[in-house]
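Remarks on the structure that follows.
The values are calculated or read from the model by the stated rules, or taken from the named source; none is laboratory data. Given the structure is predicted, the values throughout are model-derived calculations rather than measurements. For neighbour counting, all protein chains shown are included, and Cβ atoms are generated from backbone atoms with ideal geometry for every residue, glycine included. Side chains are part of the model used for accessible areas, which takes the heavy atoms of the whole protein and leaves out ligands, DNA and RNA. Shrake-Rupley method; radii C 1.70, N 1.55, O 1.52, S 1.80 Å.
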Amino acid sequence: MRDAKKIPLYERFAQDLEEQIRSGTFPVGTRIPSIRESSIQRDISFSTVLQAYQYLENRGVIEARPQSGYYVKLQPRKQVPEPEFEPLQGDPTNVSIDEVSMRLIHDTLNLDYAQFGAALPDPNLLPTSKLNRILAELARDGKFSHHLGEAVEGSEDLRIQVAQRAFGFGCDIAPDEIIITAGCTEALSLCLQAVCDPGDLVAIESPTYFGILLALEARHLRALEIPSHPRKGMSLEALRFAVENHPVKAVVAMTNFSNPTGSLIEDDDKRELLEILSSRGIPLIEDDINGELFFGDHRPRVAKSYDNEGLVMLCTSFSKDVSSGFRIGWVAPGKYYREVQCAKYALNIRTSVLPQLTIARFLDSGGYDAHLRKIRRAYAQKVMLMSQAILTHFPEGTRITEPGGGFVLWVQLPEKLASMRLYQEALKAFIAIAPGYIFSPTHKFDDFIRLNAACWSDKAEVDIARLGKVVKNLLARKN
Ligand SMILES: Cc1ncc(COP(=O)(O)O)c(C=O)c1O
């Protein structure tokens, strides 16, 4: 649990109110006390109540009706049972998950399937028409041809935009400390290549995003699994033990809203994480791809913002919020800049220019923050609605994470039901899911599945009900 003293007052009030709503005190459709009434009743300021209401609105718990007040939107429901956490330290291991993950990626192209598998954003929540307009303008005015000689590190226009945004979340990175990459995947791979040789040991979160495992596998790197709590992220105690007892060459961590659990490493813990690594000069490859997709009222910091030694290699992309097809990401590799720059050149010289310029102009045009506010609200609601549907349609004993950002849910199946079996049976019912099996090199999470809530809709609810039936049938056959 978060230390209650560290939770801001508005959030504590919001949690109390949400608790009342969930327990049925304020049924769906009821008007909750006005801001003024709550402010007087609870003896807290007007602005604190307003902040709390906006927070609950973002989470899809209440809705504002013009001239009328705030109303309950959420059905009362059971408390979400959190997945179990086993803080077991693993042994170094080779990685081999490519076959199943490739199949999964292939499934995402099959439009006959209900798509809960890949963690792709909702296409309707991407600014596609605006990007298309910019792209056409750029192509028409022919200016981009002047950029054919663009440097290895990528478009200066885009790096300036990225540096400005990074400054906004507490990270002082100059444009010439940034390298534009083909998505976050390339950023992560370049970092691994820059600091590791084949056979080296890399500490990773357990569970972790299978793309990171594929990157380790492709480079013949070994993995050391560090248990990751479903809410608090990588166990620092286990990490400390790991670096003291194993020749760890690098650590990869998704500090904000990890994939698959949605865990968040709190700021103090980010600081401690860096202390552990800096005492041994171990680089941190920080994946912040979900950092902008927070449901609360502020963007969490990155570990990079506490880094004075250049040990953190910060990686992210625009794939989740702007365009997954443009393949544009970036890395701020700290003191490993030169190594990453050389690796980038050796791999593909530089990232495709036109998508870089399009995103640079999109960011410069000023609509990005409004766009982010809109999609954060939408994803908070979709995650909440999918979570309720799972609790309704899945059997007793199912456990789910409650992420504070991103758009995936990590679901623990009852009675250790095998996710690979469910995966096969679900495909027969034309439903694609991501089996927990591929989120650990030792397949520790075979009783979990990851579900993407990004494209939540009425039709998706029907599909979740069908998936719930598949789970129940498998359980019945097992017993
Ligand atoms: C945690 C994480 N890192 C990296 C990636 C890959 O990002 P990109 O598509 O920008 O390569 C993903 C995609 O799902 C992800 O969830």
**Request:** Please work out the ratio of the alpha-carbon Rg of the range 4-72 to 2.2 N^0.38 Å and round it to two decimals.
**Result:** 1.02
**Request:** Subtract the Cα-Cα distance of Val152 and Ser279 from 0.36 nm times their separation in residues, and report this length gain in nm to one decimal.
**Result:** 42.5 nm
**Request:** Step through the residues of the range 220-227 one at a time and calculate ³J(HN,Hα) from phi using the Karplus curve (6.51 cos²θ - 1.76 cosθ + 1.60, θ = phi - 60°), rounding each to whole Hz and writing x for Gly and Pro.
**Result:** 6, 9, 9, 10, 10, 7, 9, x
**Message:** Quick check: at a probe of 1.4 Å, how many percent of the accessible area of the range 325-479 sits on carbon and sulfur atoms?
**Reply:** 54 percent
**Prompt:** What is the antiparallel percent of DSSP beta bridges lying wholly in the range 183-314, to the nearest 5?
**Reply:** 15 percent
**Highest to lowest packing among 427-435, 461-469, scored as the average C-beta count within 10 Å** = 427-435, 461-469
**Request:** Find how many whole Å separate the alpha carbon centroid of the range 281-329 from the alpha carbon centroid of the range 167-189.
**Result:** 8 Å
**Asked** By DSSP, what percent of the beta bridges with both residues in the chain are antiparallel, rounded to the nearest 5?
**Response** 60 percent
**Fill in**
In whole angstrom, the spacing between the Cα centers of the range 389-456 and the range 71-130 equals 8 Å
**Integer Hz, Karplus 6.51/-1.76/1.60 couplings in order for the range 290-298, x for Gly and Pro** = 9, x, 7, 9, 8, 9, x, 9, 9
**Fill in**
Nearest-0.05 FRET efficiency for Asn110 and Glu82 at R0 = 22 Å, using Cβ-Cβ distance, is 0.10
**Prompt:** Quick one: if you stick a label point 7 Å off each Cα along the C-beta vector at Met102 and Asp16, how many nm between them?
**Reply:** 5.7 nm
**Complete:** With the 8 Å Cα cutoff and a minimum separation of six or more residues, the range 337-479 has a relative contact order in percent of 24 percent
**Prompt:** Do the sum for the chain: with -39,500 (n - 2.57) for every DSSP H run of n ≥ 4, divided by all residues, what is the mean residue ellipticity at 222 nm, to the nearest 500 deg cm²/dmol?
**Reply:** -13000 deg cm²/dmol
**Complete:** Karplus-derived 3J(HN,Hα) from phi for the range 441-453 (6.51 cos²θ - 1.76 cosθ + 1.60, θ = phi - 60°), whole Hz, x at Gly and Pro, runs x, 9, 6, 5, 10, 5, 9, 10, 9, 10, 10, 8, 9
**Complete:** Regression test value, accessible area per residue of the chain, probe 1.4 Å, units Å², expected 43 Å²
**Prompt:** Out of Pro87, Val340, Pro27, whose Cα points farthest toward the positive end of the dipole of the chain (charges: +1 Lys, Arg; -1 Asp, Glu; placed on Cβ)?
**Reply:** Pro27
**Fill in**
Amide H contacts under 5 Å for Ser206, restricted to residues at least 5 apart in sequence or on another chain and with H modeled in the peptide plane, are Ile226, Ser228
**Complete:** Computed from the beta carbon distance with a Förster radius of 25 Å, FRET efficiency for Thr30 and Arg377 to the nearest 0.05 stands at 0.70
**Complete:** Excluding ligands, DNA and RNA, the carbon-plus-sulfur percentage of the accessible area of the range 4-72 with a 1.4 Å probe reads 50 percent
**Message:** Report the gain in length on full extension from Ala136 to Phe167: 0.36 nm times residue separation, minus Cα-Cα distance, nm rounded to one decimal.
**Reply:** 8.2 nm
